[in-house]
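Undergrad: I'd like to ask you about the structure that follows.
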Amino acid sequence: MEKHTARSVALSLLNAMEDGKLSHIALKSPALSSLSNQDKEFAVRCICGVIERKITLDYFLSLYTKKLKKNLRNILRLGLYQIQYMNS
């Protein structure tokens, strides 16, 4: 069985949301529930933060990139969100 990390779960759920899954349903994912409490809090904070700051994150990404595939775009959003808005 593959062990999920907080970042991999966050990425998976952000990708699912871009495919049309509603955020409140995605946040009830079994993959999220399988994480430790600390990792779950981190993943939820990343997911909610990316959703909240999506327009700003996409603006900054557009300064350096053109059209990106969904997975890569969400990886960059997560990374940029962590660098800009988190202290960890």
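Conditions tested, residue by residue: (1) under 12 Å from the mean Cα position of the chain (by Cα); (2) not in a loop (DSSP other than H, G, I, E, B).
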position	(1), (2)
H4	no, no
N15	yes, yes
D39	no, yes
I47	yes, yes
I55	no, yes
F60	no, yes
L76	yes, yes
I83	no, yes
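Undergrad: Hey, can you tell me all the residues within segment 17-37 that are acidic (D, E) and assigned to a loop (DSSP other than H, G, I, E, B)?
TA: If we filter segment 17-37 for residues that are acidic (D, E), which is where we start, we get 18-19.
The one that is acidic (D, E) and assigned to a loop (DSSP other than H, G, I, E, B): D19.
Undergrad: When you scan segment 58-88, how many residues do you find that are modelled with pLDDT of 95 or more, touching a Lys or Arg at 6+ places or on another chain (Cβ under 8 Å) and under 19 Å from S8 (Cβ atoms)?
TA: Of the residues in that region, 3 qualify.
Undergrad: Quick one: K21 ticks every box in (1) open to solvent by 80 Å² or more (accessible area, probe 1.4 Å); (2) without any contact (Cβ under 8 Å) to a residue 24 or more places away in the chain; (3) within 15 Å of L78 (Cβ to Cβ) bar one, so which box is it?
TA: Failed condition: (3).
Undergrad: Hey, another quick one. Residue check: is R45 touching a residue at least 12 places away in the same chain (Cβ under 8 Å), open to solvent by 80 Å² or more (accessible area, probe 1.4 Å) and out of contact with any helix residue (DSSP H, G or I) (no Cβ under 8 Å at 6 or more places or on another chain)?
TA: yes
The values are calculated or read from the model by the stated rules, or taken from the named source; none is laboratory data. Here the structure is a predicted model, which means the values were calculated and not measured. As a convention, Cβ positions derive from the backbone with ideal geometry for all residues, glycine included, and neighbour counts pool all protein chains shown. Just so you know, the surface numbers come from the protein's heavy atoms only, side chains and all, with ligands and any DNA or RNA stripped out. Shrake-Rupley method; radii C 1.70, N 1.55, O 1.52, S 1.80 Å.
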